[in-house]
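Undergrad: Please see the structure below; I have some questions.
Values quoted throughout were computed directly from the atomic coordinates according to the rules given, and no laboratory measurement underlies them. From a predicted model like this one, the values you see are computed outputs, not experimental measurements. A quick note on method: Cβ atoms are made from the backbone with ideal geometry, for glycine too, and the neighbour counts reach across all protein chains shown.
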Amino acid sequence: MRVWVDFTNTAHVIVLRPLVERLEAAGHDVALTARPLSHTLDLLDDWGRFYTVLGRHGGAGRAGKARAAAERVRAMIGFGRGKGFAAGLAHGSTELPVACRALGIPNATMFDYEWAVAQHNANCRTADRVLVPDAIPAARLARYGARPPKLVRYPGLKEDYYLDGFTPDLGLLDALGISRSRERVLCVVRTAPSYALYLGGSENAALPRLLARLQACADAVDTVVLTRTAQQIADIEAVGLDRLIVPPRAVDGLSLVALADVLVSAGGTMNREAAVLGTPVWSMFEGRPGAVDDALRAAGQLRQFGAPEDVVLEKKARRDQWPFRGRDPGDLVDLALGGWLG
């Protein structure tokens, strides 16, 4: 059977890759499409799978996003027509459910943050199946048209599934010029998705002060700043933070999170990866708190960033049990596409 998988953001490549590989291992033909945004195409290139680029990102404003989404839907309908797709799958794509609905292709969408209102009003109503972690109350999703049996709530976090079997690559530290010394602290900072509509283009005002503190601690702390845009890289370079490591393209973020002693991040997926892998994490996310993060805070696995001084720069307890054992990603494939692939 032919399956269409769409990627619209960097994290989606990491989340959906194990599901695509399960589908391919089962003999299905998987076609990949992608929207160029942040490091999405970098990660697809690193993966080595052929993909088709469709559309563009419309920026942080509502009008620009709407125009870009309409253009991309038209392009996706043209791409999908006549290709014999039995099903479509995406994580947070606004356009794939709409295109699949127009083409009569059964499709499933996934997400784990319930307050992206404009996005979910579109993708939940046009998708045939909506997968979310069971931490999100069903009542919060009814407003988007996601109710059982369309709504499927799975146990655990999405990270439990795609991290199953994961082992960090120690060679990443050498590639970034980071010491493997047990005395030095490794801190990773992930900047905000300033293009996200649900954040209104916001950036955390305390981030420059945090980076200045980490620059001052460079004799004992290695800091890697994972940016999302070329402008964010330029902003860091402009203020002379020359002792911080700022990779110019995507790196193996999973390994970096696993090997870090501290993560300070405005990225929801990376925060949850750290929580699952046992890396102390401070969240700089400025949007409305979602149910998944609320559960992690209640369990002591996620802390809210308030000021640079809040972040504890110390070595974490070493984890020697690799690979990580989570949940079978094949279960998500079955929940998402079961009954459509014969």
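Undergrad: Based on the Cα gyration tensor of segment 20-108, what are the three equivalent ellipsoid semi-axes, each the root of five times an eigenvalue, rounded to whole Å and given largest first? Before the final figure, lay out each step's value.
TA: Working: eigenvalues 99, 62, 21 Å².
Output for segment 20-108: semi-axes of 22, 18, 10 Å.
Undergrad: OK, next. Work out the length of the dipole vector of the chain about its Cα centre, built from +1 on the beta-carbon of each Lys and Arg and -1 on the beta-carbon of each Asp and Glu, and round it to the nearest 20 debye.
TA: Its charge dipole is roughly 1160 debye.
Undergrad: When 1/r is averaged over all different Cα pairs and the result inverted, which Kirkwood radius in Å belongs to segment 171-310?
TA: Working: mean 1/r = 0.0652 Å⁻¹.
Result for segment 171-310, one decimal place: 15.3 Å.
Undergrad: What number, in percent, do you get for the relative contact order of the chain if the mean sequence gap of Cα pairs under 8 Å and at least 6 apart is divided by its residue count?
TA: Once normalised by length, the contact order is 18 percent.
Undergrad: Please compute the modelled spin-label separation between residue 169 and residue 143, points set 7 Å along Cα→Cβ, answer in nm with one decimal.
TA: 4.2 nm
Undergrad: Applying a 10 Å radius around every beta-carbon, put 125-137, 272-284, 237-249, 302-314 in order of their mean neighbour count, most first.
TA: 272-284, 125-137, 302-314, 237-249
Undergrad: Under a 10 Å cutoff between Cα atoms, tell me which one of 181, 93, 38 has the largest fluctuation in the Gaussian network model of the chain.
TA: Checking each option, the largest mean-square fluctuation is seen for 181.
Undergrad: For segment 78-150, count the residues as N, evaluate 2.2 N^0.38 Å, and divide the Cα radius of gyration by that value, please.
TA: For segment 78-150, the normalised Cα radius of gyration comes out at 1.08.
Undergrad: Picking from 215, 232, 321, which is most flexible by a Gaussian network model of the chain using Cα springs under 10 Å?
TA: Answer for the Gaussian network model of the chain: 321.
Undergrad: Now a separate question. Excluding residues on the same chain fewer than 8 positions from residue 150, give the aspartates and glutamates whose Cα lies under 13 Å from its Cα.
TA: Straight-line reach from residue 150, under 13 Å: 128.
Undergrad: Please get the size of the charge dipole for segment 292-342, origin at its Cα centre, with Cβ charges of +1 on Lys and Arg and -1 on Asp and Glu, quoted in debye to the nearest 20. Let's see the in-between values first.
TA: Values: 8 positive and 9 negative charges, 57 e Å.
Value, rounded to 20: 280 debye.
Undergrad: What shape does the chain have by the C-alpha gyration tensor, where a ≥ b ≥ c are the square roots of the eigenvalues, rounded means a/c under 1.5, and otherwise prolate means a/b greater than b/c and oblate the rest? Present the calculation step by step, with values, prior to reporting the outcome.
TA: On the way: a/c = 1.71, a/b = 1.58, b/c = 1.08.
Taking the square roots of the gyration eigenvalues as a ≥ b ≥ c, the chain is prolate.
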